[in-house]
DNA sequence: TTCGGATATTCCGCTTTACGCATATACGTC
DNA sequence: GACGTATATGCGTAAAGCGGAATATCCGAA
């Protein structure tokens, strides 16, 4: 019953918010920490849970790990992510998450993978890791 | 976060099968026991859980209690029940449940509420409570 | 009122889960 | 190599979930 596994992943608020964010675009761990205002270990464990159940995939980018929805999602996941987007549209928590995501990404000068790079040769100088509070 | 409550209800196999059955038609408790081959206490508890979270409604019919999806389901429930039906279509467990449901109802001579009535003035005489093993 | 059937509830044990702390691992830079 | 940062994992604990046995409640019939 693979469907149950999907629902088990969806029935925790942190995981639900993570998946909702990922339904819009891939993100790295530090972004989740910032957007959800949650400690690293909490984010990391929920991401591990999602990964173990094949609801997310990872790709290492240097020291950072980018999480995304699977390239070939199961039928159940596809259906539920679509349903989730429908349900989230008017939900304050989720829409606030999207705003924070936009803000977090705005603090990055470049594509996702770049936003977490150390500012050794950063163009603007203000860009840095998103975990570094301004 | 009402959506979480819905997912919490969906993430147990017994509850999921109950909701799937109810998405087709109302049923009384004894039917669930027969269709799911589960003990009374187990069914009853999961139904109570669903009722507490407003995913099902009850209507007493004499000694029996008929469960059904709410007359005015929430947006989240509507979306997820539709999603569930999509996901279930080719699933062996759920399609088998539907077959058992048809069989259980066939053993009843009449509309749902009648199938659980004692055979005091039953027409055919063979019809009885669905819990009464043939 | 008593009885039997349908359903709900309580109590108990077991397993799972969520969380935080501390620590470990992986990577890039020097 | 050492060091700092990003992320993961192990451990302990508190809470929640699930199942079953026993019991309680509700209802209709006699």
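Points to keep in mind about this one:
- Within segment A:45-56, considering residues that are in contact with a strand residue (DSSP E or B) (Cβ under 7 Å, 6 or more places away or on another chain) and assigned to a helix (DSSP H, G or I), the one farthest from DNA strand C (Cβ to nearest atom): A:51
- Selected residue (criterion: farthest from DNA strand C (Cβ to nearest atom)) from residues of segment B:57-108 that are touching a helix residue (DSSP H, G or I) at 6+ places or on another chain (Cβ under 9 Å), in a helix (DSSP H, G or I) and over 27 Å from residue A:79 (Cα atoms): B:103
- The residue pairs whose first member lies in segment A:30-45 and is within 14 Å of chain B (Cβ to nearest Cβ) and under 12 Å from residue A:17 (Cα atoms), whose second member is assigned to a helix (DSSP H, G or I) and more than 8 Å from DNA strand C (Cβ to nearest atom), and whose beta carbons are closer than 8 Å, counting only pairs six or more residues apart or on different chains, are A:36/A:17; A:36/A:18; A:36/A:43; A:36/A:97.
- Across segment B:64-80, the qualifying residues are those that are facing another protein chain (nearest Cβ under 10 Å) and surrounded by 20 or more Cβ atoms within 10 Å (Cβ to Cβ), and the one among them that is nearest to residue A:91 (Cα to Cα) is B:76.
- Hey, residue A:8 in contact (Cβ under 8 Å) with a residue 40 or more places away in the chain, within 11 Å of DNA strand C (Cβ to nearest atom) and surrounded by fewer than 19 Cβ atoms within 10 Å (Cβ to Cβ) or not: yes
- Any chance residue A:16 is within 14 Å of chain B (Cβ to nearest Cβ) and within 22 Å of residue B:91 (Cβ to Cβ): no
- For segment B:23-44, the candidate set comprises residues that are outside any loop (DSSP other than H, G, I, E, B) and over 16 Å from residue B:64 (Cα atoms); within that set, the residue that is nearest to DNA strand D (Cβ to nearest atom) is B:42.
- The numbered conditions (1) over 15 Å from residue A:21 (Cα atoms); (2) more than 8 Å from DNA strand D (Cβ to nearest atom) are all true for residue A:55 except (1).
No lab work stands behind these numbers, since they all come straight from the coordinates. Just so it is clear, the structure is predicted and the values come from calculations on it, not from any experiment. In this analysis, Cβ positions are derived from the backbone assuming ideal geometry, glycine residues included, and neighbour counts consider all displayed protein chains.
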